């Protein structure tokens, strides 16, 4: 995943946390102590470097990214302000600002920043993807218009898949599950390694109480990536719903072995062992 794409999906996951709550979904895990320490050290190092090279846009951009990643949106926006003071025509700077604002919860200002980025560089797909995602999270059909434009205009198959994924999230949000499934299936056909599409498809099937069907989807995701903790966790939930206690316990253990911050898995495992 490219750096910008990784940031884009960080925002997507944040925006759509809480989808499929009726299935008890818990996709967001916390940072462990080592990750927090590494992030703090990186931020400190970038701050020290900026003292020596205050005019370096590259260092300031990286600092804004790292602050954003760590959840320090106020400081990240300060770095964004400085970047735009240096060059208010740079579409990447406006995109980064939109990403920070979206993660901070100010989607209205995020939309404004992303529109400026798109105006500055109409072929820059990342701000269009993020803009579509924000509209999808708001159940606004404008999301479909933007996503369809991306599908038609992008020459990158991965970008097209991302746009279809956003369409799937929109349809899922408005409870058009059949349309959502078609989009997620399309994502998987276009890119079998697109793990988030497996998760969203599986969650819809779980919500529909098709636990066996959902299990097949999550186990397919495990075949694609045997280190994907989310797929083990969701497989465990399916096995539990099917009444397969030992299989559920095994999957919960594997999920926690890969990601110890999955609190929902730890609680479920403790409950099954009681």
Folded to 0 to 90 degrees: helix 263-273 orientation relative to the chain principal axis, Cα: 10 degrees
Please determine, in degrees from 0 to 90 and to the nearest 10, the orientation of helix 195-207 with respect to the longest principal axis defined by the Cα atoms of the chain, where the helix direction is its Cα long axis. 50 degrees
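Where does the chain land at 222 nm, in deg cm²/dmol rounded to the nearest 500, when only DSSP H runs of n ≥ 4 count, each adding -39500 (n - 2.57), divided by all residues?
Details: 15 runs with 209 residues, N = 274.
Result for the chain, helices only: -24500 deg cm²/dmol.
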Part-to-part distance (alpha-carbon centres) for the range 138-202 and the range 71-122, which is given in Å: 25 Å
Would you mind calculating the gained length between residue 246 and residue 158 on full extension (0.36 nm times residue separation, minus the Cα-Cα distance), in nm to one decimal? 27.9 nm
Least to most buried among 52, 263, 230, by other C-beta atoms within 10 Å and fewest first, runs 52, 263, 230
With a ≥ b ≥ c the root eigenvalues of the C-alpha gyration tensor of the range 131-191, is it rounded (a/c under 1.5), prolate (a/b larger than b/c) or oblate? oblate
Return one number: the angle in degrees, 0 to 90 and rounded to the nearest 10, between the long axis of the Cα atoms of helix 3-15 and the longest principal axis of the Cα atoms of the chain. 60 degrees
Within the range 105-129: backbone nitrogen closer than 20 Å to the residue 88 label point (7 Å, Cα to C-beta): 109-122
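Every number here is computed from the coordinates shown, using simple stated rules; none is lab data. In this text the structure is predicted, and so the values were computed from the model without any measurement. Quick reminder, even Gly has a Cβ in these numbers, built from the backbone with ideal geometry, and neighbours come from all protein chains shown.
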